[in-house]
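The values are calculated or read from the model by the stated rules, or taken from the named source; none is laboratory data. Keep in mind that what you see is a predicted model, and the values were worked out from it rather than measured. Counting neighbours? That spans all protein chains shown, and the Cβs are built from the backbone with ideal geometry, glycine included.
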Amino acid sequence: MFWGLFGILAFSFTVPFTRVAVAGLSPLFIGSGRAVVAALLATAALALTRQRLPHGDQWVRLGVVAGGVVVGFPLLTSFALAAVPATHGAVVIALLPAATAVMATIRGNERPPLWFWIMAGIGSMVAVGFASSQGGGIDQLGWPDLLLFGAVVAAAVGYAEGGSLARELGSWQTVSWALVLSSPLTIGLTALSVSQQAPTATPVEWAAFGYLAVVSMFLGFFAWYRGLAIGPMAQVSQVQLVQPVLSIGWAALFLHEQLTWPTILGGLAVVLCAGIAVRGRRGKGVRERAGEVAAPLDAGARSRE
């Protein structure tokens, strides 16, 4: 849970900082360029530590991770946040816990108890209601909303597959190889965006882009995939319920969006539901699988070191 919360704290700045960056940079440049910067860091880290190449179907699975969290989510949210405020974009974050839990169940054959699903559903509804009340609602869907929903699916698939693959490759190794694998595409998209519009931005906008590239696209996944790998993924994924609260808080702080008592009370309700969901009783089989996964994961990490 600690690793998951640490990763979510890093990701909670993504929506407001993307909103800052799109004020001066094109959505295509932000979505692809941040992956290029992160790929350079990943290449250096893999080379310096002399990591072994993935093998067999691990490359295919890395392609799934890359399609979800390296290409899909960044590009879709960048284009969406060029048209809607950060608080509205936080709606997508509110939907991620339930989507990730479903993908984790399908991918990892995890079977959380019924109580977990009930609280996850309530928590997701509370989070969506909270975020949408601050962001203009989701009753009238436009193309930005469709992009945000697509980003939810992309991120959920990437999180679930990445959490599973991290048990074999390691947490930071998984995101690093995914970044390297997708680099020919992201470099091409970045070059295309530069040819269409030369990137010009203020120092603040460049700083926001730098955070998206170094933290949101790279370092944040170190902690997040570590938490998902230890798992169970379905339970750890529910800490994402606090992300819309944090994102809207950062939007109020950095973008000067209004923070009212309903926002504060709604945020407390989201955190409460998240806490009940993740601390709910888990079945014996789920606990045993978590222990079985954690042991080889730690052993593998020590072996790589």
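A count restricted to region 189-204 and to residues that are free of Cβ contacts under 8 Å to residues at least 40 places away in the same chain and either surrounded by 12 or more Cβ atoms within 10 Å (Cβ to Cβ) or among the basic types (Lys, Arg) (or both) stands at 1. Of the helices (runs of 4 or more DSSP H) lying entirely inside region 1-119, the ones with 1 or more residues being closer than 28 Å to Cys273 by Cα are found at 2-11, 14-21, 73-81, 86-108. Of the residues screened, Gly188 is not one that is under 27 Å from Gln240 (Cβ atoms) and either more than 17 Å from the chain's Cα centre (by Cα) or assigned to a helix (DSSP H, G or I) (or both).
Among residues belonging to region 170-181 that are farther than 25 Å from Pro16 by Cα and hydroxyl-bearing (Ser, Thr, Tyr), point out the one that is surrounded by the most Cβ atoms within 10 Å (Cβ to Cβ). Only one residue fits best here, namely Thr174. Checking region 47-62 against the condition returns no match, with no residue being out of contact with any strand residue (DSSP E or B) (no Cβ under 6 Å at 6 or more places or on another chain), at pLDDT 90 or above, under 22 Å from Leu147 (Cα atoms) and not charged (D, E, K, R). For region 22-62, the set of residues classified as closer than 22 Å to Ala104 by Cβ, loosely packed, with under 15 Cβ neighbours inside 10 Å and touching a residue at least 40 places away in the same chain (Cβ under 8 Å) consists of Trp59 only.
On inspection, Glu161 qualifies as surrounded by 18 or more Cβ atoms within 10 Å (Cβ to Cβ), in a helix (DSSP H, G or I), modelled with pLDDT under 95 and among the charged types (D, E, K, R).
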